[in-house]
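Q: Got a structure here, written out as structure tokens. Questions coming.
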Amino acid sequence: MSMIKATPWDEAVFGMHTAEVVEYSDAALHEAVQKPGHYTIKVDPLADKQLLHKYGFHYCDTLLEPYCTKQKLKQAAHPDATISRQTEWEGLLQICHGAFAHGRFHRDFNLDKARADFRYDNWLHQLYDKQAVYGLYWQGELSGFIAHTENNLVLHAVAESQRGKGRAKYWWSAVSSELFAAGHAEVKSSISAANLAVLNLYASLGFSFRHPQDVYHRLVE
């Protein structure tokens with residue numbers, strides 16, 4: 001198994017070689033810095049970070065995995081909050097573009113934030129083409145989206161005008177319920193520990209958290 005895995009979807013967006021270092025070792029990090037490009041590695045928060053500093057990697061984020069079973073999900077419903085897979089792409093794109101300030105690519109000072117926006121736009125479009133996106137509606141108006149891969153909520157956002165009003169729990173509850181109804185034993189996601197709003201949202205719905213990972217980046221020029 002290779003110690004370094006190319007990420008062509010990121011390469012297409014950022015216009016440079018991009019890859020993920022999948023083994024935390026001196027040999028893997030040494031190999032990474034031999035070729036110009038942008039590199040990501042995810043490590044246990046309690047791991048010794050000496051090697052990362054030795055090879056010039058810098059901290060970007062800590063990821064947490066929320067997870068929940070059907071039995072633990074705290075149902076929340078409101079007649080004005082609905083979800084639908086029949087959603088127009090233009091409306092989704094308007095909400096998606098610029099919505100991911102907590103993302104590690106936006107927080108990396110070596111990367112252009114406009115290109116980081118396009119990364120999420122492209123990812124959402126791929127999921128939309130697979131009919132794996134739920135539009136979130138409030139009183140019939142598109143107010144956000146949740147995209148998933150099987151039982152994993154991989155990308156989600158709420159329109160700026162709808163944030164801070166306590167409505168997200170209805171949408172997340174509805175989408176989770178649909179995935180459970182489809183036969184999944186568990187619903188999970190991946191979030192930045194810095195995104196307290198979404199962390200509190202998941203906690204309020206009965207999700208627990210596991211598999212923390214510190215994310216480090218390195219730009220090799």
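Quick note: the coordinates plus some simple rules give every number you see, no bench work behind them. Just so you know, these numbers come straight off a predicted model, no measurement behind them. FYI the Cβ positions are ideal-geometry reconstructions off the backbone, even for glycines, and counts take in every protein chain you see.
Q: Contact order normalised by length for the chain, with contacts defined as Cα pairs under 8 Å and 6 or more residues apart; what percent is it?
A: Details: 385 pairs, mean separation 74.0, N = 221.
With pairs under 8 Å counted, the relative contact order is 34 percent.
Q: Can you divide the C-alpha Rg of region 103-196 by 2.2 N^0.38 Å and report the result to two decimal places?
A: The reported ratio for this selection is 1.15.
Q: Here's something else I'd like to know. To the nearest 20 debye, what is the magnitude of the charge dipole of the chain about its Cα centre, counting +1 on the Cβ of each Lys and Arg and -1 on the Cβ of each Asp and Glu?
A: Around 600 debye, computed over the chain.
Q: Tally the DSSP beta bridges in the chain and give the antiparallel ones as a percent, rounded to 5.
A: 85
Q: Can you match volume of the Cα convex hull per residue in Å³ to one of these, (1) 131; (2) 286; (3) 109, based on a calculation from the structure here?
A: (1)
Q: Using the Karplus curve 6.51 cos²θ - 1.76 cosθ + 1.60 with θ = phi - 60°, work out ³J(HN,Hα) for each residue of region 61-75 in order, rounded to whole Hz, and write x for Gly and Pro.
A: 6, 10, 9, 10, 10, x, 8, 7, 9, 4, 5, 8, 5, 8, 5
Q: Let me ask something else about it. Along the charge dipole of the chain, pointing to its positive end and built from +1/-1 on Cβ of Lys, Arg, Asp and Glu, which listed residue (140, 202, 53) has its Cα farthest out?
A: 202
Q: While we're looking at this one, here's another question. In debye, nearest 20, what is the charge dipole magnitude of region 40-125 about its Cα centre with +1 on Lys and Arg Cβ and -1 on Asp and Glu Cβ, if you could check?
A: On the way: 12 positive and 11 negative charges, 70 e Å.
Dipole size: approximately 340 debye.
Q: Based solely on its DSSP helices, what 222 nm [θ] is calculated for the chain when runs of n ≥ 4 H residues each add -39,500 (n - 2.57) and the sum is averaged over all residues, nearest 500 deg cm²/dmol?
A: -9000 deg cm²/dmol
Q: Also, quick follow-up: Relative contact order, percent, of region 91-221 when contacts are C-alpha pairs under 8 Å separated by at least 6 residues?
A: Rounded, it is 20 percent for region 91-221.
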